[in-house]
Structures are given as C-alpha cells and as structure tokens.
There are 2 protein chains.
Amino acid sequence: MARAGLTPERLTLAGAELADEVGFEQVTVSALARRFDVKVASLYSHLKNSQELKTRIALFALEELADRASDAVAGRAGKDALAAFAEAYRGYAREHPGRYAAARLRLDPETAAASAAVRHSQMTRAILRGYDLPEPDQTHAVRMLGGVFHGYVSLELAGSFDHSAPDARESWTWIVDSLDALLRNRAAPHNRPSRKPRSTG
Amino acid sequence: MARAGLTPERLTLAGAELADEVGFEQVTVSALARRFDVKVASLYSHLKNSQELKTRIALFALEELADRASDAVAGRAGKDALAAFAEAYRGYAREHPGRYAAARLRLDPETAAASAAVRHSQMTRAILRGYDLPEPDQTHAVRMLGGVFHGYVSLELAGSFDHSAPDARESWTWIVDSLDALLRNRAAPHNRPSRKPRSTG
DNA sequence: CTAGTTTGCCTAAAATCTTTAGGCAAATAC
DNA sequence: GTATTTGCCTAAAGATTTTAGGCAAACTAG
C-alpha cells in the first residue's frame, strides 16, 4: 500500500486550508485523516494530539499574517504604515477566516513567547515610532491598536455589519483615520492637555 | 426516584456558571448532566441539542451584560457615560469570563435580531448622542467602539497583558480617555479638519 | 382516594471523535 | 540482500451527542 507522505508540515497546511473551508472549530484529526484518505490513528505518528494540531495551525497563521503585515509596512511610516498594517490584517482575516480564527487561539505563555506573536507587537511598536509617544502611552497604544484591529475584524467576520449601511470597508477607513488623528494628538499635546494638568514642565 | 427539577432556565443558568468555572468551550451537555447528577439523555427533554444550550447561555449573558451596562449608564452622559459603559463591559468580562465568551457566540441573524444584542447597539448610539456626530460617522463610531471594547477585553482575558507593565486597567483608562477625545474631535471640526477639507459648510 | 394522563428521568444504543497499543509492509541502510 | 527503521494499518477503549422507548412520579379528575 502506497504511503501518503504525511508530515507535521503538510498536516498543518492542510489543517489551515480546512479551517478556511469549514471553520477552525471544525478542524479535527478525523476530518484531516479523511482529507488525506488515511486512517485516523496514522496521524498520531506525526501529531502528539488534537491540541498540537490546533496549536501548529495557530503558529502557522501567526507567521503568515506577520509576513504579510511586514511586507505591507515595509518602506512606509506614520499614517501610511498604520493604514497598510490595518489593511493587511483585515485582508488576511477576510481571505483566510479560518486561519485568522486560529491565530486567535490562546497559546500558553512559552509557546506565545516563541511565536510570531512577538513580531506582531514589534511591528505595532515600529509603526508607533512615527507618532513619537512617551513611554507609558506607547504601551497603551500598542494595546489599543491590538484591541481595535482584532475586535473590529472579528465583529466584521461575525457578519455583524452585513446588511447595513455604510459598508464595513468605509467604517474601517474611518477608524484608521481616526486612530491616526488620535495618535497624533497624543504625541504633541501642544495646547490641549487631555490628562491631569500636573507636571507640565 | 426523586426528580431533579430540570428546566431550560435552570440548565441555562447552571451552564453559565459552568462556563465561568471551566470556560465556555468546555460546557457540554454531559458536563451539565453530571452537575445535576442526572443521566445525559434527560437533558434532551429540555434542550433540543447542544447548540441550543450554547445559544441560551449566550442570550442569557447578553441580557445580563445589557442590564449591567444599562444600570451603569443611567443618568450619565458624554464621557461619564462612555467610561461607565466601558467599565461595565470590562468588569463583566473579568467577573464572568465564561459568560462573556458566550456573549460572543455567533448567533444566526434572526436570533441576534431578537436578542439583547440590539440593546447593546442602542446603548452605544445613546452614548454617542452626547458627541453629536453626523450620521455616517455615528455608525462608524458604533462599530469602532464595539470593536475596541470587545477586542481589548478579549486580549486582556487571554492574558496578553499579564506580566507586563503598565497594568491592564491603566491602559483601559487611557484608551477610554483617548476615545473620548477622538469622538469630541470628530464632532466639532472647528479648526482642525482631519478629513478631506471639502464641503466644509 | 383511586384511575387516567402527562411529564420527567431512565436504560439502551448508534454515530462521531480522541487516543493508545501493537502489527505488517514499505522504505532505507549497510 | 538482510536488517532496521518508519509509516500506515487494525483493534479497542473512553467520551460526547443524539434518538427511541420505558417506567414511575406527579398532576387531574371524578
């Protein structure tokens, strides 16, 4: 009987494709075995368990998304970079909803620390460099951007904005514009102190 | 043999409690049956299937969260209202992570339309009234707020901000402040037009 | 208070998924 | 060409979901 040529990598990629087709939740070891036309138990030579499959898909998606965002941001700064980054994010989620969902899987701290997740926050920080925020604020901004991008995209994917005007892309543009303005404001508090007016100089 | 007194309502509440204890993903009909010390099949007299259980928990959580947000916002306006709303959201997610996760379950359109989800967007719109945004912008803002709140809270719950300064609550305050400023800017473009300087009057 | 009806939880069983153990044959290595 | 390793297999057990049918407890009459 000819061998199927299974490897962890091929299984991961096929799992990612399956996720895009049927949803990340529906990715099971059984479904993957059917896709390769082998018996389920065979996959356990290549994967420790079902959790490892999901984790591998998540890591793969994080990497792919980071590559894409990295390409998008290359050579840009300020609002241009922000918009490109945001667009890479949204585009990936729309093209690969299953992989995007996978990228949101909760990883245990060590795995996360060794994953492309760190590239994501590094990129966010790089973009913020163009806005010249003082340090506690920069971290707040990293978290806010992570939150908005993830949150908005996830609401859009859930179909929350279907069947209602204006369409999701217009809102996305408006939000990116607004965030840019917000960050510029935070950077240069020349005449509108929005926090405690203490320690001004 | 004494009866357990199962009802859809009691099952839903117990399911919500279970979700907070072990995570919404881990809420199964079997686990719930064990909790009531009855056989699994017994639950199927009260629930159509596993999906219905999850949907009921989701609807319950949406309602509970809407009540809480509604109380928090009552009698407030402008930034006060925004901050109270945000705090209600974040507090609920922290106290009831399982229920919060349930509230994020994707509902089919009809179910969603008949759920407390509509109260959520109504409240958001009510808060935005204090900022006096023109119409396409108001919808964009509703979506942005939904996105930020959901996204940030979900990152915080995932533990993304653990073990790093500043703590999550500081960032939350900063974000709410920033959003308030952003919305005020969008409302009154008196001398800083951040969009196309066309159709100014 | 007893007879009839409804209701609630039960046993039984099938389908699917996860996971482990052990076997045989194909690929690889002298 | 034999020996070893590797890859996919069969078999089997445990868990979850869901359906079908049964028996007894709880209402509803007279």
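The values are calculated or read from the model by the stated rules, or taken from the named source; none is laboratory data. None of the values given here were measured: they were computed from a predicted structure. We place every Cβ from the backbone using ideal geometry, glycine too, and count neighbours over all the protein chains shown. Areas reflect the complete protein model, heavy atoms only, side chains present, ligands, DNA and RNA absent. Shrake-Rupley method; radii C 1.70, N 1.55, O 1.52, S 1.80 Å.
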Q. Of all residues in the range A:14-59 being in contact (Cβ under 8 Å) with a residue 60 or more places away in the chain and hydrophobic (A, V, I, L, M, F, W, C), which is farthest from DNA strand C (Cβ to nearest atom)?
A. A:Ala16
Q: Sort out which residues of the range A:60-118 are basic (Lys, Arg), without any contact (Cβ under 8 Å) to a residue 24 or more places away in the chain and either more than 14 Å from chain B (Cβ to nearest Cβ) or in contact with an Asp or Glu (Cβ under 6 Å, 6 or more places away or on another chain) (or both), and write them in order of number.
A: A:Arg76
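When you scan the range B:100-121, do you find a residue that is part of a helix (DSSP H, G or I) and more than 20 Å from B:Ile57 (Cβ to Cβ), even just one? Steps first, please.
So in the range B:100-121, the residues part of a helix (DSSP H, G or I) come out as B:100-103, B:109-113, B:117-121.
Narrowing the set further to residues that are more than 20 Å from B:Ile57 (Cβ to Cβ) leaves B:121.
Yes, the range B:100-121 contains at least one residue that is part of a helix (DSSP H, G or I) and more than 20 Å from B:Ile57 (Cβ to Cβ).
Here are A:Leu13, A:Leu82: which of them is at pLDDT 95 or above, in a helix (DSSP H, G or I) and over 23 Å from A:Asp180 (Cα atoms)? Steps first, answer last, please.
Numbers: A:Leu82 fails: over 23 Å from A:Asp180 (Cα atoms).
The unique qualifying residue is A:Leu13.
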Q) So which residues in the range B:44-77 are more than 11 Å from DNA strand D (Cβ to nearest atom), part of a helix (DSSP H, G or I) and either of a type in the set (D, E, K, R) or surrounded by fewer than 19 Cβ atoms within 10 Å (Cβ to Cβ) (or both)? A) B:Arg56, B:Glu63, B:Glu64, B:Asp67, B:Arg68, B:Ser70, B:Asp71
Q.
All but one of (1) crowded, with 21+ Cβ neighbours inside 10 Å; (2) in a helix (DSSP H, G or I); (3) in contact (Cβ under 8 Å) with a residue 40 or more places away in the chain hold for B:Ser171; state the number of the condition that does not hold.
A. (3)
Q | All positions within the range A:126-162 that are of a type in the set (Gly, Ala, Ser), open to solvent by less than 10 Å² (accessible area, probe 1.4 Å) and without any contact (Cβ under 8 Å) to a residue 24 or more places away in the chain | A | A:Gly147, A:Gly151
Q) Taking the stated definitions as given, is A:Ala66 in contact with a helix residue (DSSP H, G or I) (Cβ under 6 Å, 6 or more places away or on another chain), under 27 Å from A:Asp177 (Cβ atoms) and more than 8 Å from DNA strand C (Cβ to nearest atom)? A) yes
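Could we say that B:Glu95 is touching a helix residue (DSSP H, G or I) at 6+ places or on another chain (Cβ under 6 Å) and acidic (Asp, Glu) here?
On the way: touching a helix residue (DSSP H, G or I) at 6+ places or on another chain (Cβ under 6 Å): no; acidic (Asp, Glu): yes.
Spelling it out, it is not the case that B:Glu95 is touching a helix residue (DSSP H, G or I) at 6+ places or on another chain (Cβ under 6 Å) and acidic (Asp, Glu).
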Q) Taking interchain pairs and intrachain pairs at least six residues apart, which have beta carbon atoms under 8 angstrom, with the first residue in the range A:1-13 and farther than 12 Å from A:Arg35 by Cα and the second near DNA strand D (Cβ under 8 Å from one of its atoms)? A) A:Thr7/A:His46; A:Pro8/A:His46
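Across the range A:179-191, what is the number of residues that are over 16 Å from A:Ala81 (Cβ atoms) and either at the interface with chain B (Cβ under 8 Å from one of its Cβ atoms) or at pLDDT 90 or above (or both)? Before you say what the answer is, go through the steps one by one.
As a first pass, look at the range A:179-191 and keep what is over 16 Å from A:Ala81 (Cβ atoms): A:185-186, A:188-191.
The next check asks that each one be either at the interface with chain B (Cβ under 8 Å from one of its Cβ atoms) or at pLDDT 90 or above (or both); those that pass are A:185-186.
Summing the residues that are over 16 Å from A:Ala81 (Cβ atoms) and either at the interface with chain B (Cβ under 8 Å from one of its Cβ atoms) or at pLDDT 90 or above (or both) in the range A:179-191 gives 2.
Tell me, yes or no, whether the range A:33-43 has at least one residue that is within 16 Å of DNA strand D (Cβ to nearest atom), within 28 Å of B:Gly159 (Cα to Cα) and open to solvent by 50 Å² or more (accessible area, probe 1.4 Å).
Here is the first cut: in the range A:33-43, the ones within 16 Å of DNA strand D (Cβ to nearest atom) are A:33-43.
Checking which are within 28 Å of B:Gly159 (Cα to Cα) leaves us with none.
So far as the range A:33-43 goes, no, none of its residues is within 16 Å of DNA strand D (Cβ to nearest atom), within 28 Å of B:Gly159 (Cα to Cα) and open to solvent by 50 Å² or more (accessible area, probe 1.4 Å).
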